[in-house]
Amino acid sequence: MRIKAGAGRSGGIAATAAALALSFLPAPAPAQDAPLSAIDWLSQSVATPPPPPAPPVAKEGVIPEDVAVSTLGATTIDSVGLLPPAVTGLPMTLWGTGRTADIVTRIAGEGTDSLPALRGLMMTILLAEARAPADAGKGGELLRARIDRLLDLGALDQARALLDVADASKDPELFRRSFDVDLLTGSEDEGCAQMVRAPGLAPTFPARIFCLARSGDWNAAALTLRTAQSLGFVTEEEDALLSRFLDPDLYEGEPPLPAPERTTPLTWRMFEAIGEPLPTATLPLAFAHAELRPSAGWKSQIEAAERLTRAGAVTPNQLLGLYTERKPAASGGVWDRVAAFQRFEAAFRSGDSDAIARIVPEIWQAMSEAELEVAFAELYGEELHRLNLSGEAGQIAFVAGLLSPSYERVAATRTPADAREGFLIGLAKGNVTGLSATDSMGRVIAPAFKGAAPSDELRQMLDEGRMGEAILSAIEKIERGVQGEVKDVTDGLALFRAVGLEGTARRTALELMLLERRG
């Protein structure tokens with residue numbers, strides 16, 4: 001159904017106002033012709049200008065494809081980062097002689113990043129300030145790949161910070177990502193205002209209509225939609241959604257719209273506005289941030305925070321705040337986890353060791369089922385270990401301590417009860433000489449802590465100055481180990497140790513031993 005003439009919230013509109021609404025930025029290309037994004041859920045919010053013509057190619061003396069040329073001392077947008085080498089411990093020459101296309105492929109890999117230590121390392125690489133590869137040019141391909149991976153990881157705050165440093169308003173492809181972050185975090189008014197402020201951005205009709213409505217100019221939005229309809233610049237699906245978004249009363253009593261085949265942050269936001277919110281549980285992780293807004297229900301906020309905490313996209317403290325916000329009014333599922341956490345928190349604050357010992361097994365089981373053991377360990381691991389609990393509670397406190405940032409201090413104060421504990425303590429200290437691994441995972445981990453060198457493949461990358469690619473490859477190898485190909489674990493951990501990522505190597509090894517993340 002198409003929106004009726006004059007439909008809107010405030011009556012008629014002057015022709016001049018309509019013309020301004022339609023022409024405040026250059027006309028967009030048809031939505032269906034917009035280029036596909038590397039992340040298929042990005043909103044087509046702006047029209048990307050055509051690329052400049054390619055320079056002429058000489059017929060003789062052509063430079064081989066694998067040779068990259070750049071101006072000495074030149075900087076590109078791909079060098080932008082938030083964390084300097086002094087913070088990351090990674091060199092400015094992280095990418096060295098690598099080819100941008102190869103690096104982008106590795107960053108966009110399909111690894112699940114199931115271990116928190118690996119997710120943390122990936123996040124560091126994505127945010128690192130490092131000199132761009134020699135063949136980077138000025139297109140920002142590497143920067144976009146880094147931002148896209150952050151979005152995939154649900155790290156919207158980090159992606160926002162990187163976009164701000166890069167000044168997303170100067171590049172349509174970066175702005176698309178910035179606008180979607182705004183939509184998912186409730187800052188869409190700022191994104192809309194930026195569209196108006198930046199003359200180089202050309203909003204597509206759905207984005208233009210959405211922003212006009214958000215600014216309160218419903219009549220201009222309605223007229224813009226009618227123009228888009230007549231020009232064929234909106235699909236039938238977009239037409240139906242935009243029409244209801246502008247005047248939902250016109251469709252009262254009609255059945256809900258079918259869920260879109262491709263949900264973008266813009267369509268998700270408009271479905272929410274018409275009172276037909278789409279569940280985020282089955283959508284990409286970044287959509288979970290929309291459920292953290294105050295307008296969402298408490299249960300939705302908790303479930304979203306759990307997803308994001310598991311992915312390392314938000315801090316455990318944010319989850320703690322939601323868990324303890326109020327008393328659960330129901331039971332089962334997430335409510336049982338909330339109730340157990342609140343009982344533990346009350347016991348922990350009381351300082352009553354007996355009460356803590358009684359509740360520790362229950363809360364650890366609840367956190368393990370939700371794969372939130374490391375988040376719990378970061379909050380309580382070291383303090384629990386200091387209580388010197390005995391029995392099952394003491395064993396859990398030891399494990400939580402090893403999964404916490406204080407793993408070395410915990411290991412230093414523990415007398416091993418058996419060979420397995422001895423091996424874990426050795427890993428935490430970075431030395432397993434003379435210690436025996438007690439399972440198959442331990443047996444592939446041990447060589448990396450007994451001096452094993454990285455494989456020839458990884459060593460060649462290091463010799464060529466491609467440290468960043470070598471680290472990304474090591475992450476992939478260890479992830480394959482999590483999924484069952486354990487032989488690759490030794491190589492990945494050996495690489496970490498060879499390039500000075502000792503803490504990451506130890507935490508990864510401990511997580512491989514202590515967390516059930518396989519298959």
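The values are calculated or read from the model by the stated rules, or taken from the named source; none is laboratory data. Model, not experiment: these values are computed from the prediction. Ideal geometry is used to build each Cβ from the backbone, glycine not excepted, and the neighbour counts take in all protein chains shown. Only protein heavy atoms, including side chains, enter the accessible area calculation; ligands, DNA and RNA are left aside. Shrake-Rupley method; radii C 1.70, N 1.55, O 1.52, S 1.80 Å.
Worth a mention:
- Fraction of accessible area attributable to carbon and sulfur, segment 421-519 (%, probe 1.4 Å): 47
- Projected over every direction and averaged, the convex hull enclosing the alpha-carbon atoms of segment 163-245 yields 5.6 nm².
- Accessible area (Å², per residue) of the chain, counting only protein heavy atoms and a probe of 1.4 Å: 45
- Net length gained if the chain between Ala86 and Lys170 were fully extended (0.36 nm per residue, minus Cα distance): 27.4 nm
- Share of Cα-Cα pairs in segment 152-293 lying beyond 21 Å, as whole percent: 45
- The alpha-carbon atoms of segment 426-505, seen along their principal axes, cover 37, 25, 20 angstrom, with the largest extent given first.
- Within the chain, helix-based [θ] at 222 nm, where runs of 4 or more DSSP H residues each add -39,500 (n - 2.57), nearest 500: -16000 deg cm²/dmol
- Cα lying deepest toward the dipole's positive end in the chain, options Gly426, Ala117, Gly154, charges on Cβ: Gly426
- Taking the protein heavy atoms of segment 210-291 in the context of the full set of protein chains, the accessible area attributed to carbon and sulfur is 52 percent at 1.4 Å.
- Dividing the convex hull volume of the alpha carbon atoms of the chain by its residue count gives 175 Å³ per residue.
- Percent accessible area from carbon and sulfur atoms, segment 81-139, protein chains only, probe 1.4 Å: 56
- Rounded to the nearest 20 debye, the dipole magnitude of segment 267-416 is 220 debye, with +1 charges on Lys and Arg beta carbons, -1 on Asp and Glu beta carbons, and the Cα centre as origin.
- Ordering Ala240, Cys211, Ala411 by Cα displacement along the dipole of the chain toward the positive end leaves Ala411 in first place; charges were set at the Cβ atoms of Lys, Arg (+1) and Asp, Glu (-1).
- Listed residues Ala355, Ile302, Gly451: farthest to the positive end of the dipole of the chain (Cβ charges): Ala355
- Of the peptides 301-307, 198-204, the ranking by mean beta-carbon count within 10 Å, highest at the top, reads 301-307, 198-204.
- Evaluated with a Cβ-only charge set (Lys, Arg +1; Asp, Glu -1), the chain carries a dipole of roughly 680 debye about its Cα centre, given to the nearest 20.
- Pairs of Lys residues in the chain are counted when their Cα atoms are under 17 angstrom apart and they lie 8 or more places apart or on different chains; the count is 5.
- Total charge dipole magnitude, segment 369-433, about the Cα centre, Cβ charges on Lys, Arg, Asp, Glu only, Debye to nearest 20: 360
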